[in-house]
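Scroll down for the structure; my scribbles are underneath it.
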Amino acid sequence: MKRENRYGWLISLGLVGIACAMLLFCGGCMTPQQKGISCQAAQTAYAAYYAILAAGHEPSEAEVYAAAAGAAVLHAYCGWSTVPAEKSTGRAYVIDTHGVLIVVPPPVQ
């Protein structure tokens, strides 16, 4: 099912911008406020990607890249965990059909 959205390029550009901002913030030392902003931006990009999939649409290349960057930031800096893959797959972690790492948030305490 193809999306009929004349502003799709703008959304994709925005998601790529979020991904780039996350990489800039996460590239070095961060204050707690910067870490919070980075984690929120990563979570937004990751959630937007899965909302697109849940709606039955095919994500653009930029949306896949933004989700992949978001998943990496969530795992590396925000305490999210990866899902271990079965040994028969030959992978250490589960990825979806577009190559985006599947991550889950930390348990609520």
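Read-outs: derived from the displayed coordinates by stated rules, not from any lab. Here the structure is a predicted model, which means the values were calculated and not measured. Positions of Cβ are generated from backbone atoms using ideal geometry, with glycine treated the same way; all protein chains shown enter the neighbour counts.
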Task: Cβ-based exposure ranking for Ile95, Ile52, in which fewest neighbours within 10 Å come first - done: Ile95, Ile52
Open item on the list: I want to check the label-to-label distance for Glu58 and Thr97. Put each point 7 Å from Cα in the C-beta direction and report it in nm to one decimal.
Closed with: 1.0 nm
- [ ] Find how much the distance from Gln33 to Gln109 grows on full extension, using 0.36 nm per residue of separation minus their present alpha carbon separation; answer in nm with one decimal.
- [x] 25.2 nm
